[in-house]
Amino acid sequence: MNRILERVSRRRQAVVHQPGAAPGTLKPGADALPTEVRFVRYDADGIREESSVAVNNLPRESSEAVLWVDVVGSGDVAVLEALGERFGFHPLALEDVVNVNQRPKLESFGEDLFFIVRMYSKGIKPGPWSSEQLSVLLRPGLVVTLQERPGDCFARVRERLKVKTRKIRNSGADYLTYALLDAVIDGYQPVIDSFEERVEVIEDRLLDQPEDKDLQHLHALRRDLIALRRGLAPARDVVMGLMRESDVMETVTEETRLFLRDCYDHVIRTVEQIDTFRELCASLMDLYMSMVSNRTNDVMKVLTMIATVFIPLSFLVGLYGMNFDTASPWNMPELGSRYGYPILVTIMVSVAGLLVGYFRKKGWL
């Protein structure tokens, strides 16, 4: 029941664009967080960074330095509109930023490249992993990232920016975009590892003693894998587009495209791991059904053998349980025998023993 309520809640939060609304209409979801703007401006000689900055106080773009504007939260429409006016965002790009749960994609708006990917993290409630939409705008000298909530995987990128001798400090905005995208893709691996642990735990339980709850866990795991693949598989097209599309040639240098190939390889490997786990889940479901079926067959076999043993015994008991008078001309002489009862019991035990011995010889017991 809780899962159904959570699913309905996510659907309501995702559908924030009213039918018939004008393109570029900004209407944040009910759970959108307040918007906070921070920036990092750097070149080979120095770096400057500030948090909680007003849009009007952001530095201007220049060809001598790289400006990274990091926006967290999409709840303040006025801030997002001011940001769009300041940097010339296309209205459709801002609309995709506000309407989260977009499919990962790459689009070009003039000299701007705009793409969306899913950023995953492990250990954030609710559930074993959590995801959010990351929107990135790239143009020469400017990178704008827009996240749903605080907490990202860019800590190491920020540390590298503070070291003057690192390559990122001496490269352009396209290399910074590669570094951010690489951090996002590397963040997939802990999530994949958590799925691997869940699969191994379920597999061990199935091989030990399958239970009804294991099938529920398998269904939940498979549903999570489908959701993960739905958010990750289109990222291949995003990375490939950054490498190959003709519009990218002026924005992304040849040297950076070489590094993007490594990102593409990581995405392909991660998608293959997800597919492997999905196939393993299907195999485990088949294993569960086979083991349950075998267990049912074993129970039915035991019950059948017990019934088979008692069929002749029931016949004998029923035969000698008939009410015949010993004085009748058609009497049963055994009824008057002094040793009739022990003889009948001996016959019954012998018949049962012979049947059990036969079952053991056939390997049915």
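So, of the residues in the range 55-76 that are part of a loop (DSSP other than H, G, I, E, B) and of a type in the set (Asp, Glu), which turns out to be surrounded by the fewest Cβ atoms within 10 Å (Cβ to Cβ)? Spell out the reasoning first.
Restricting attention to the range 55-76, the residues satisfying the condition of being part of a loop (DSSP other than H, G, I, E, B) are 58-65, 73-76.
Still in the running and of a type in the set (Asp, Glu): 61, 64, 76.
Numbers: 61: 18, 64: 8, 76: 19.
Looking at the filtered set, the residue picked out is 64.
Looking at (1) touching a His at 6+ places or on another chain (Cβ under 9 Å); (2) loosely packed, with under 14 Cβ neighbours inside 10 Å, which is the one condition that is false for residue 202?
Status for residue 202: all satisfied but (2).
Does residue 41 satisfy the condition of being assigned to a strand (DSSP E or B) and touching a strand residue (DSSP E or B) at 6+ places or on another chain (Cβ under 9 Å)?
Numbers: assigned to a strand (DSSP E or B): yes; touching a strand residue (DSSP E or B) at 6+ places or on another chain (Cβ under 9 Å): yes.
In short, yes.
Can you run down the residue pairs with Cβ atoms below 6 Å, 6 or more apart or on separate chains, where the first is in the range 110-128 and on the phi < 0 side of the Ramachandran plot and in a strand (DSSP E or B) and the partner is modelled with pLDDT of 55 or more and basic (Lys, Arg)?
112/139; 116/105
Among the residues of the range 239-257, are any part of a helix (DSSP H, G or I), in contact with a Pro (Cβ under 9 Å, 6 or more places away or on another chain) and in contact (Cβ under 8 Å) with a residue 40 or more places away in the chain? Break it down into steps so the answer makes sense when it comes.
Quick first cut of the range 239-257, residues part of a helix (DSSP H, G or I) only: 239-244, 246-248, 254-257.
Pick out the ones that are also in contact with a Pro (Cβ under 9 Å, 6 or more places away or on another chain) and you get none.
So far as the range 239-257 goes, no, none of its residues is part of a helix (DSSP H, G or I), in contact with a Pro (Cβ under 9 Å, 6 or more places away or on another chain) and in contact (Cβ under 8 Å) with a residue 40 or more places away in the chain.
Has the range 143-156 got at least one residue that is at negative phi, part of a helix (DSSP H, G or I), of a type outside the set (Gly, Ala, Ser) and touching a residue at least 12 places away in the same chain (Cβ under 8 Å)?
Residues of the range 143-156 at negative phi: 143-150, 152-156.
Those still in the list that are part of a helix (DSSP H, G or I) too: 155-156.
The next check asks that each one be of a type outside the set (Gly, Ala, Ser); those that pass are 156.
So of that shortlist, the ones also touching a residue at least 12 places away in the same chain (Cβ under 8 Å) come out as 156.
Taking every residue of the range 143-156 in turn, at least one turns out to be at negative phi, part of a helix (DSSP H, G or I), of a type outside the set (Gly, Ala, Ser) and touching a residue at least 12 places away in the same chain (Cβ under 8 Å).
Considering 199, 163, which residue is farther than 26 Å from residue 60 by Cα and hydrophobic (A, V, I, L, M, F, W, C)?
Numbers: 163 fails: farther than 26 Å from residue 60 by Cα.
Every option except 199 fails the conditions.
Tell me, yes or no, whether the range 276-284 has at least one residue that is farther than 30 Å from residue 194 by Cβ and surrounded by 12 or more Cβ atoms within 10 Å (Cβ to Cβ). Working first, answer last.
If we filter the range 276-284 for residues that are farther than 30 Å from residue 194 by Cβ, which is where we start, we get none.
No: zero hits.
Taking residue 271 and the conditions (1) crowded, with 16+ Cβ neighbours inside 10 Å; (2) among the aliphatic types (A, V, I, L, M); (3) more than 15 Å from the chain's Cα centre (by Cα); (4) assigned by TED's automatic domain parsing to the domain that holds residue 107, which numbered condition does it fall short on, given that it satisfies the others?
(3)
Name the residues in the range 261-287 that are out of contact with any helix residue (DSSP H, G or I) (no Cβ under 6 Å at 6 or more places or on another chain) and either hydroxyl-bearing (Ser, Thr, Tyr) or not in a helix (DSSP H, G or I) (or both), would you?
276, 283
Given the residues 100, 79, which is the only one that is assigned to a loop (DSSP other than H, G, I, E, B) and either of a type in the set (A, V, I, L, M, F, W, C) or crowded, with 17+ Cβ neighbours inside 10 Å (or both)? Give the derivation first.
Values: 79 fails: assigned to a loop (DSSP other than H, G, I, E, B).
One residue alone meets the criteria, 100.
How many of the residues making up the range 180-216 are among the hydrophobic types (A, V, I, L, M, F, W, C) and either free of Cβ contacts under 8 Å to residues at least 40 places away in the same chain or more than 30 Å from residue 242 (Cβ to Cβ) (or both)? First the steps, then the outcome.
As a first pass, look at the range 180-216 and keep what is among the hydrophobic types (A, V, I, L, M, F, W, C): 180-181, 183-185, 191-192, 195, 199, 201-202, 206-207, 215.
Filter once more, so that each one left must be either free of Cβ contacts under 8 Å to residues at least 40 places away in the same chain or more than 30 Å from residue 242 (Cβ to Cβ) (or both): 183, 199, 201-202, 206-207, 215.
Total satisfying the criteria: 7.
Would you check if there is a residue in the range 159-172 being touching a residue at least 12 places away in the same chain (Cβ under 8 Å), under 27 Å from the mean Cα position of the chain (by Cα) and surrounded by 19 or more Cβ atoms within 10 Å (Cβ to Cβ)?
Going residue by residue through the range 159-172, those that are touching a residue at least 12 places away in the same chain (Cβ under 8 Å) are 160-162, 164, 169-172.
Subset that is under 27 Å from the mean Cα position of the chain (by Cα): none.
Checked the range 159-172: no residue is touching a residue at least 12 places away in the same chain (Cβ under 8 Å), under 27 Å from the mean Cα position of the chain (by Cα) and surrounded by 19 or more Cβ atoms within 10 Å (Cβ to Cβ).
Of these, 19, 23, 28, which one is in a loop (DSSP other than H, G, I, E, B), at pLDDT 60 or above and surrounded by 10 or more Cβ atoms within 10 Å (Cβ to Cβ)? Steps first, please.
Working: 19 fails: surrounded by 10 or more Cβ atoms within 10 Å (Cβ to Cβ); 23 fails: surrounded by 10 or more Cβ atoms within 10 Å (Cβ to Cβ).
So the residue among 19, 23, 28 that is in a loop (DSSP other than H, G, I, E, B), at pLDDT 60 or above and surrounded by 10 or more Cβ atoms within 10 Å (Cβ to Cβ) is 28.
The values are calculated or read from the model by the stated rules, or taken from the named source; none is laboratory data. Owing to the predicted nature of the structure, the values given are computational and were not obtained by experimental measurement. FYI the Cβ positions are ideal-geometry reconstructions off the backbone, even for glycines, and counts take in every protein chain you see.
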